[in-house]
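Quick notes on the structure that follows.
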Amino acid sequence: MTTTVAAARIHSHTGTYPAEPGQVRVARAALAAWLGSCPLADEAILVASEFATNAVLHSDSGQGGAFTLRAEARPGHIRIEVEDAGGRWRGGVGDDGRPHGFDVVAAIAGAGNWGIDGDAGGRVAWAWLGR
């Protein structure tokens with residue numbers, strides 16, 4: 001589903017996908033098609049991919065559920081969200097010396113421009129780009 005609010009120049013996109021690894025690619029492709037030639041498209045697609053992968057692999061969504069990808073574009077800014085079914089938090093700091101998904105998001109979005117809200121009942125990972 002895509003919505004456009006022309007007067008405010010706000011555009012939004014929402015898609016819900018089965019929480020299966022192959023669906024991350026489908027969600028990424030749908031977002032890429034919606035963003036088109038947006039200058040922040042590459043960053044937004046990468047952030048969405050990291051959040052969606054986390055939802056599939058590390059939340060209760062991956063147990064036969066779904067995740068929802070939302071994007072909102074305003075002039076010069078994009079907000080990306082992925083909502084999952086929550087569950088026991090299985091995130092953590094990697095000890096292999098290489099960056100992991102949230103490290104990549106933090107590097108792209110910058111301090112204070114991304115986060116995770118919610119609890120075991122459901123979480124929303126979000127990021128503002130271009131701020």
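The table that follows gives values for the structure above.
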read-out	value
Residue that is most open to solvent (accessible area, probe 1.4 Å), among those in segment 10-25 that are of a type in the set (Gly, Ala, Ser) and part of a strand (DSSP E or B)	SER12
Hits in segment 102-119 (condition: open to solvent by 50 Å² or more (accessible area, probe 1.4 Å) and either of a type in the set (Lys, Arg) or in contact (Cβ under 8 Å) with a residue 60 or more places away in the chain (or both))	ILE108, TRP114
Test: residue in segment 26-38 that is closer than 16 Å to VAL124 by Cα, out of contact with any Gly (no Cβ under 6 Å at 6 or more places or on another chain), open to solvent by 10 Å² or more (accessible area, probe 1.4 Å) and polar (S, T, N, Q)	no
The listed residue being free of Cβ contacts under 8 Å to residues at least 12 places away in the same chain and under 19 Å from LEU129 (Cβ atoms), out of GLY22, GLY36, GLY15	GLY36
Single match in LEU57, LEU69 (criterion: under 19 Å from ASP117 (Cα atoms) and surrounded by fewer than 15 Cβ atoms within 10 Å (Cβ to Cβ))	LEU57
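The values are calculated or read from the model by the stated rules, or taken from the named source; none is laboratory data. Computed from a prediction, not measured in an experiment: that's the story for all the values here. Neighbour counts run over all protein chains shown; Cβ positions are idealised from the backbone, glycine included. SASA here: full protein model, heavy atoms, side chains in, ligands and nucleic acids out. Shrake-Rupley method; radii C 1.70, N 1.55, O 1.52, S 1.80 Å.
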